[in-house]
Amino acid sequence: MGKKGNVAIITGASSGMGREFAVQIAQNYPSIHEFWIVARRRERLEELQEKLLGRRVKILALDLSRQEGIDTLEKALAEEQPRVRILVNAAGFGIIGKIGKMKEEDCTGMVDTNCRALTAVTHITLPYMTEQGQIIQMASSAAFMPQPGFAVYAASKSYVLSFSRALGRELAGRGITVTAVCPGPVKTEFFDIAETYEAVKLYKKLTMARADRVVYQALVDAKHGRSVSVYGSLMKGFRILAKFLPVDFLMLFVK
Ligand SMILES: NC(=O)C1=CN([C@@H]2O[C@H](COP(=O)(O)OP(=O)(O)OC[C@H]3O[C@@H](n4cnc5c(N)ncnc54)[C@H](OP(=O)(O)O)[C@@H]3O)[C@@H](O)[C@H]2O)C=CC1
Ligand SMILES: N[C@@H](C=O)C(=O)O
């Protein structure tokens, strides 16, 4: 079925920004004929299907942190040979807390999902990406500097930002753009898991952005081929500070 039209593959589509990407792409990209939506919670993906304006939908209820999940997606790609116009890698999570106070699997889980799975999904999808294709990777403003108390998550998102910018250069010859999306705190279910050990800081609570706005901005930036998408003046300012001020000084304020 994939051969008939352009496909958008969206991971992390069962909630938050991944879900919002699916809804906004369905509303604004008539050239996308089919969606492949990926996450672990099948019932959420089935609910989302109803919102995709009658487009063909392939539901892939997969755990991307496990090799079986990646293998299943790879097999589906090989069988259907889709023309992938948009890939959104939004599957990911973060847990607040000091490394020594967290379970090992919580720490390595962030690396497995945010870095390994994102890299694998990108790698296996690349052969099917069309010219003018767009890859949108959910990084975070946490990528801009190390964050004591959110160390693994911030490091995982630095990886996503660095990987995505370099990949964009590698793919320029194929006419494929790569956009790393780097929002500050966004009001989604992300914080249900993030607060497993510790509550989110008050300044983050007070500066939460809306998922629909972040995603709208990301789609505009991706359309213009921008390598980085930062929503809002606060995070744009933070990015500049993080570029120019010494890291040790900045870390005094993020404890
Ligand atoms: N909210 C925020 O403040 C910010 C979030 N981000 C990033 O944006 C992305 C989306 O987050 P957001 O929408 O906020 O959070 P949500 O928790 O709402 O969404 C996360 C999505 O990832 C999916 N997911 C998580 N683990 C796996 C897995 N192992 N396999 C497959 N799917 C998985 C979840 O689905 P399911 O549970 O069904 O598997 C869900 O659909 C993440 O990468 C996050 O790090 C970046 C900046 C700010
Ligand atoms: N940017 C947010 C998550 O990615 C945060 O800093 O909480």
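The values are calculated or read from the model by the stated rules, or taken from the named source; none is laboratory data. The structure presented is a predicted model; accordingly, all values stated were derived computationally and were not measured. Counting neighbours? That spans all protein chains shown, and the Cβs are built from the backbone with ideal geometry, glycine included. Ligands, DNA and RNA are excluded from the accessible area calculation, which covers all protein heavy atoms including side chains. Shrake-Rupley method; radii C 1.70, N 1.55, O 1.52, S 1.80 Å.
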**Report entry** Selected from Ile32, Cys107, Ala180, residue furthest toward positive end of dipole (the stretch 6-254; charges at beta carbon)
**Finding:** Ala180
**Report entry** Test item: Cα-centred dipole of the chain, Lys/Arg +1 and Asp/Glu -1 on Cβ, debye
**Finding:** 760
Query raised in the report: By how many degrees, 0 to 90 and rounded to 10, does the Cα axis of helix 16-28 deviate from the longest principal axis of the chain?
Result: 40
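Between Ile99 and Ser233, what FRET efficiency follows from the Cβ-Cβ distance if R0 is 30 Å, with the result rounded to 0.05?
Efficiency at R0 = 30 Å is approximately 0.40.
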Query raised in the report: Between Val111 and Phe244, what is the spin-label point distance in nm, taking each point 7 Å from the Cα along the Cα→C-beta axis?
Result: 3.5
**Report entry** Rough spin-label spacing in nm, given labels placed 7 Å along Cα→Cβ, for Gln27 and Arg226
**Finding:** 1.9
Report summary line: Put Thr119, Thr72 in order of accessible area, largest first, probe 1.4 Å, and you get Thr72, Thr119
Query - Cα-Cα over 27 Å, subset of Lys205/Lys236; Lys58/Lys204; Lys98/Lys223; Lys75/Lys101; Lys103/Lys243; Lys75/Lys98 - result: Lys58/Lys204; Lys98/Lys223; Lys75/Lys101; Lys103/Lys243; Lys75/Lys98
Query raised in the report: What FRET efficiency, computed as 1/(1 + (r/R0)^6) with R0 = 45 Å and r the Cβ-Cβ distance, is obtained for Arg174 and Glu47, rounded to the nearest 0.05?
Result: 0.80
Requested in this report: May I ask you to compute the full-extension gain from Ala166 to His123, defined as 0.36 nm times their residue separation minus their alpha-carbon distance, rounded to one decimal in nm?
Outcome: 14.1 nm
Query raised in the report: Efficiency by 1/(1 + (r/R0)^6): what FRET value for Leu202 and Arg66, r their Cβ-Cβ distance, R0 = 35 Å, to the nearest 0.05?
Result: 0.45
Query raised in the report: Roughly to the nearest percent, how much of the accessible area of the stretch 6-254 is carbon and sulfur, given a 1.4 Å probe?
Result: 53
Report summary line: Inter-part gap, Cα centre of the stretch 196-225 to Cα centre of the stretch 47-73, in whole angstrom, is 23
Query raised in the report: Rounded to the nearest 10 Å², what accessible area does Cys107 show when all protein chains are kept and the probe is 1.4 Å?
Result: 20
Query - Expected 222 nm ellipticity per residue - DSSP helices of 4 or more, -39500 (n - 2.57), all of the chain, to 500 - result: -12500 deg cm²/dmol
**Report entry** Cα-Cα P(r), the chain, percent of pairs per 5 Å interval
**Finding:** 1, 6, 14, 19, 21, 17, 11, 7, 3, 1, 0
Query - Positive-pole candidate from Leu171, Thr122, Gln217, dipole of the stretch 6-254, charges at beta carbon - result: Gln217
